[in-house]
Amino acid sequence: MPIWYLLVALIVLEMVLLFTWNPFYFGMGIRLFNERIPATAEMRERLVLNCLERDVATQEWIALVFHPLPGGRMAFRESYFMAFSGRYYPVMRGLVVVDAKRNQVRVEGICNWMTLGFAVLCVAMPMVAASTWPLLIILGLFVYCYFIQRRRYHGVAEALREQMRTELPDAIMQLRRGTR
């Protein structure tokens with residue numbers, strides 16, 4: 001029974017860290033998704049990370065919400081507000097990192113602790129009690145949800161590529177920044 005208390009404590013801790021946008025939590029963990037976008041200094045200068053929420057908006061799935069973190073990073077996750085669009089279990093939390101040293105922008109998907117905890121439990125339980133083998137179906141659900149999130153994280157990377165396009169006139173970029 002103590003493992004259930006540990007799992008509940010993990011769920012509560014992760015929810016608190018998600019809602020408070022904890023920089024340590026959003027930066028540490030197992031990378032399940034990592035897309036690197038080459039970006040020169042001129043291209044990085046065109047980035048407007050605060051516009052990402054609008055740029056990746058979709059009616060098909062729940063909204064992604066973005067929050068700035070120290071060091072020029074931008075964290076993102078699925079919104080927890082009521083929505084009538086498609087829902088799925090969030091396997092990852094996201095992070096956009098502008099890396100000037102390597103001339104790149106990275107979109108990273110970091111595994112949620114709850115997902116890892118449930119996956120370990122789903123594998124361990126059938127080893128202890130054979131009647132719990134149906135729990136392995138949950139792993140298939142996690143893989144399905146991962147592919148949905150992976151497609152959405154590719155959408156974030158595409159929005160970043162669009163922002164960095166040098167063909168966009170400077171007037172449009174100034175309007176996006178809210179300056180004239």
Check your understanding: Are any residues in the range 24-35 in contact with a helix residue (DSSP H, G or I) (Cβ under 9 Å, 6 or more places away or on another chain) and either of a type in the set (Lys, Arg) or farther than 17 Å from residue 107 by Cβ (or both), and if so, which ones?
Key -> 24, 25
Revision key, fill the gap. Considering the range 80-138, residues that are β-branched (Val, Ile, Thr) and over 28 Å from residue 19 (Cα atoms), and then whichever is farthest from the chain's Cα centre (by Cα), we arrive at 128
Practice item. For the range 1-37, name all the residues that are open to solvent by 100 Å² or more (accessible area, probe 1.4 Å) and over 15 Å from residue 75 (Cα atoms). Key: 1, 4, 5, 6, 36
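If you check 66, 76, 81, which single one turns out to be touching a helix residue (DSSP H, G or I) at 6+ places or on another chain (Cβ under 6 Å) and of a type outside the set (Ser, Thr, Tyr)? So that I can check it myself, show each step before the final result.
Numbers: 76 fails: touching a helix residue (DSSP H, G or I) at 6+ places or on another chain (Cβ under 6 Å); 81 fails: touching a helix residue (DSSP H, G or I) at 6+ places or on another chain (Cβ under 6 Å).
So the residue among 66, 76, 81 that is touching a helix residue (DSSP H, G or I) at 6+ places or on another chain (Cβ under 6 Å) and of a type outside the set (Ser, Thr, Tyr) is 66.
Rundown of residues vs (1) at pLDDT 90 or above; (2) of a type in the set (S, T, N, Q); (3) crowded, with 18+ Cβ neighbours inside 10 Å, yes/no style:
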| residue | (1), (2), (3) |
| --- | --- |
| 73 | yes, no, yes |
| 77 | yes, no, yes |
| 81 | no, no, no |
| 86 | no, no, no |
| 99 | yes, no, no |
| 114 | no, no, yes |
| 120 | no, no, no |
| 130 | no, no, no |
| 133 | no, no, no |
Point to revise | Some residue of the range 38-48 being in contact with a strand residue (DSSP E or B) (Cβ under 7 Å, 6 or more places away or on another chain), surrounded by 17 or more Cβ atoms within 10 Å (Cβ to Cβ) and at pLDDT 90 or above | key: yes
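The values are calculated or read from the model by the stated rules, or taken from the named source; none is laboratory data. The model shown is predicted, which means the values in this text are computed figures rather than measured ones. Don't worry about glycine lacking a Cβ; one is built from the backbone with ideal geometry, like all the others, and counts go over all protein chains shown. Surface accessibility is based on the protein's heavy atoms, side chains included, excluding ligands, DNA and RNA. Shrake-Rupley method; radii C 1.70, N 1.55, O 1.52, S 1.80 Å.
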